[in-house]
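The values are calculated or read from the model by the stated rules, or taken from the named source; none is laboratory data. If you're wondering where the values come from, they're calculated on a predicted model, not measured in any experiment. With ideal geometry, Cβ positions are generated from the backbone for all residues, glycine too; neighbour counts draw on all protein chains shown. Surface accessibility is based on the protein's heavy atoms, side chains included, excluding ligands, DNA and RNA. Shrake-Rupley method; radii C 1.70, N 1.55, O 1.52, S 1.80 Å.
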There are 2 protein chains.
Amino acid sequence: MNKPQHRIQHLRDALEDDIVNGRIAQGERLDEVRLSQRFAVSRTPIREALRQLAATGLVETIPRRGTFVANLGLPEIIEMFEVMAELEGMCGRLGARRIAAEQRTRLLEKLDTCRAAAEAGNSDDYYYENEQFHGVIYELSYNRFLADQAQQLRNRLKPYRRLQLRVPQRMRSSFEEHKAIVDAILGGNEQNAELLLKNHVLIQGERFADLVSMINAAPKHETVAESATA
Amino acid sequence: MNKPQHRIQHLRDALEDDIVNGRIAQGERLDEVRLSQRFAVSRTPIREALRQLAATGLVETIPRRGTFVANLGLPEIIEMFEVMAELEGMCGRLGARRIAAEQRTRLLEKLDTCRAAAEAGNSDDYYYENEQFHGVIYELSYNRFLADQAQQLRNRLKPYRRLQLRVPQRMRSSFEEHKAIVDAILGGNEQNAELLLKNHVLIQGERFADLVSMINAAPKHETVAESATA
DNA sequence: ACGAGTATTCTTGTATACAATTTATAATAA
DNA sequence: TTATTATAAATTGTATACAAGAATACTCGT
């Protein structure tokens with residue numbers, strides 16, 4: 001019944017989902033025995049999953065004390081947006097140079113689905129389509145390693161990006177930016193594609209800073225593990 | 001006697017060192033029981049260390065078959081250098097803008113030690129000082145996340161960078177590039193700093209051919225696990 | 001009543017035992 | 001001899017047992 005060895009992957013995904021969607025609060029400790037009971041497995045695979053999450057930075061393991069959901073401060077988040085902007089900009093630049101014919105139509109299709117979601121005004125739908133759109137951008141770089149890195153970081157920033165689309169105007173302006181980005185890429189304008197994408201992401205970082213108050217309002221556990229990066 | 005909990009870290013470092021320095025060939029399988037005997041620990045901490053290495057991409061774990069030293073093909077290596085160049089360029093750009101007074105002297109000091117090693121013609125020394133130099137560059141970004149990412153990727157590329165410096169001329173030209181980079185950063189010239197660093201890292205021109213020949217010359221194990229990125 | 005020091009409990013880290021699957025080996029048939 | 005299948009060996013994944021350290025509760029003293 002159980003897939004060959006996807007169990008750990010499954011555990012990892014489940015926990016990641018819990019964290020990203022806020023079901024497990026920031027700073028909260030992930031108890032190994034409780035998790036092992038919840039998933040009906042022993043501690044061993046739980047530990048493996050936790051280590052994998054720690055490797056991505058989503059949780060933090062303190063020796064002999066446990067693993068905690070990463071509790072990022074505003075500076076760290078800004079830093080990550082800064083890097084995210086660079087990576088996406090790079091994808092756009094490479095995409096503008098390298099995009100192949102069949103990908104052009106795909107990009108336009110994705111833009112259309114974004115438009116539909118934006119016009120419908122459904123923030124959840126737009127969020128999903130937005131993810132897809134950016135995923136396509138990553139692929140356009142034709143650099144799988146870059147695409148993976150970008151996707152990983154994007155995932156890591158999910159919780160903070162999600163807050164933003166709740167701001168009414170953001171969805172509309174986000175889509176407008178998408179249009180300009182697609183134009184630049186299809187037009188082969190590397191510099192514009194890079195710049196537009198950078199700003200597209202950086203804006204999110206800046207907006208996020210404005211929304212810090214919401215983070216403070218969001219459920220926050222006792223700040224046990226305060227950002228201690230190696 | 002054993003440090004609090006640095007054992008896994010120690011294992012990780014030891015294995016990483018073995019891999020990076022080629023004592024364990026590419027594609028070779030890392031046998032858990034043999035390693036546990038070698039380090040006189042049980043399989044459990046060995047497995048943890050291997051998982052951590054897998055997270056960095058230095059090794060690859062195939063379910064139910066074992067973990068193998070990552071066997072990167074030329075395309076993957078090129079891709080990674082492309083990203084490395086972007087990150088380093090970003091560090092340089094930010095550094096040129098943000099560098100503080102006390103860091104200026106530190107940067108110059110590092111440049112001097114590089115000069116010494118280059119003039120002595122000692123490739124191993126230069127390799128070490130070169131690492132230090134780039135580490136300082138990363139710090140100049142004043143973006144810890146970026147610095148960490150850059151360092152991690154740099155580490156990942158170590159084996160291939162090491163090959164490059166074996167090319168006699170490379171050490172000399174590398175140092176010349178360092179000089180220009182430092183000038184740009186200290187002069188606050190963001191664009192130059194970025195561009196120079198990018199080119200410094202990027203594999204292009206003759207260095208591409210050099211890398212190819214070096215890779216072909218390197219010892220390579222039975223190609224069991226051929227680059228399968230998730 | 002409050003604090004320091006100690007004992008208890010709980011949790012993580014490691015070792016070992018077992019199960020499941022893959023790889024290697026051997027034997028048989030074409 | 002070679003291919004195929006069955007059997008055996010070896011290796012990974014998981015569970016459990018045990019050890020060491022940390023957190024908590026408790027006792028005793030002031």
- Among B:137, B:19, B:62, the residue with the largest mean-square fluctuation in a Gaussian network model of chain B built from Cα contacts under 10 Å is B:62
- In order over the range A:108-113: 3J(HN,Hα) from phi, Karplus 6.51/-1.76/1.60, θ = phi - 60°, whole Hz, x for each Gly or Pro, gives 5, 4, 4, 4, 5, 5
- Note on the structure: Other residues with Cβ under 13 Å from the Cβ of residue A:177 give, with Lys and Arg +1 and Asp and Glu -1, a net charge of +3
- Task: For chain B, calculate the relative contact order in percent as a whole number, restricting contacts to Cα pairs under 8 Å that are 6 or more residues apart.
- Result: 29
- Considering only protein heavy atoms and a 1.4 Å probe, what is the carbon-and-sulfur percentage of the accessible area of chain A? 49
- Query: Tell me: how much accessible area in total is hidden between A and B, 1.4 Å probe, Å², nearest 100?
  - Reply: 2500
- Task: May I ask you to derive the relative contact order of the range B:104-230, considering only C-alpha pairs under 8 Å and at least 6 residues apart, and to give it as an integer percent?
- Result: 24
- Query: Which residue, chosen from B:20, B:123, B:203, occupies the Cα position most advanced towards the positive end of the dipole of chain B, where the dipole is computed from +1 (Lys, Arg) and -1 (Asp, Glu) charges on Cβ about the Cα centre?
  - Reply: B:20
- Query: From the label point of residue A:62, set 7 Å along Cα to the beta carbon, how far off in nm is each other copy's matching point, shortest first?
  - Reply: 4.1
- Query: residue A:28's amide H: which non-local residues (gap 5+, or another chain) put their own amide H closer than 5 Å, with H modeled 1.01 Å from N in plane and none for Pro or chain starts?
  - Reply: A:69, A:221
- Message: At a 10 angstrom cut-off on C-beta neighbours, averaged per residue, how do the peptides A:121-131, B:35-45, A:82-92 rank from highest to lowest?
- Response: A:82-92, A:121-131, B:35-45
- Between helix B:168-186 and chain B: long-axis angle, C-alpha atoms, 0 to 90°, nearest 10: 60
- Item | Whole-Hz ³J(HN,Hα) from phi, Karplus 6.51 cos²θ - 1.76 cosθ + 1.60, for the range B:78-93, glycine and proline x | 4, 4, 5, 5, 4, 5, 4, 4, 5, 5, 5, x, 4, 4, x, 4
- Query: Quick one: helix B:144-165 against the long Cα principal axis of chain B, what's the angle to the nearest 10°, folded into 0 to 90?
  - Reply: 80
- Message: Can you tell me how the range A:74-214 classifies by the Cα gyration tensor, rounded, prolate or oblate, using a/c under 1.5 as the rounded cut?
- Response: oblate
- Pairs A:158/A:198; A:158/A:179; A:158/B:198: which are spaced more than 19 Å apart, C-alpha to C-alpha? A:158/A:179; A:158/B:198
- Is the shape of the range A:137-206 best called rounded, prolate or oblate, per the rule: a/c under 1.5 gives rounded, else a/b larger than b/c gives prolate, else oblate, with a ≥ b ≥ c the square roots of the Cα gyration tensor eigenvalues? oblate
- Note on the structure: Summing -39500 (n - 2.57) over every DSSP H run of at least 4 in the protein assembly as shown, dividing by its residue total and rounding to the nearest 500, the 222 nm mean residue ellipticity is -24000 deg cm²/dmol
- Rounded to whole Å², per residue accessible area for chain B with a 1.4 Å probe reads 49
- Note every residue of the range B:3-34 with a reduction of at least 20 square angstrom in accessible area, all protein chains present versus the isolated chain, computed with a 1.4 Å probe, or write none. B:5
- If the label for residue A:125 sits 7 angstrom from Cα along the Cα-to-Cβ line, what are its distances to the same label in every other copy, in nm to one decimal, shortest first? 6.8
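Let a ≥ b ≥ c be the square roots of the eigenvalues of the Cα gyration tensor of the range A:9-103; is it rounded (a/c under 1.5), or, if not, prolate (a/b larger than b/c) or oblate?
Taking the square roots of the gyration eigenvalues as a ≥ b ≥ c, the range A:9-103 is prolate.
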- Task: Could you tell me which residue in chain A puts its beta carbon nearest the axis mapping A onto B, with the distance rounded to whole Å?
- Result: A:55, 2
- Any residue on another chain or 5+ positions along whose placed amide H is under 5 Å from the amide H of residue B:59 is listed here as B:54, B:70
- Task: Mind checking B:75-84 for the average number of partner chain beta-carbons within 10 Å of each residue's beta-carbon?
- Result: 4
- In order over the range B:58-69: 3J(HN,Hα) from phi, Karplus 6.51/-1.76/1.60, θ = phi - 60°, whole Hz, x for each Gly or Pro, gives 6, 10, 10, 9, 9, x, 6, 10, x, 10, 10, 5
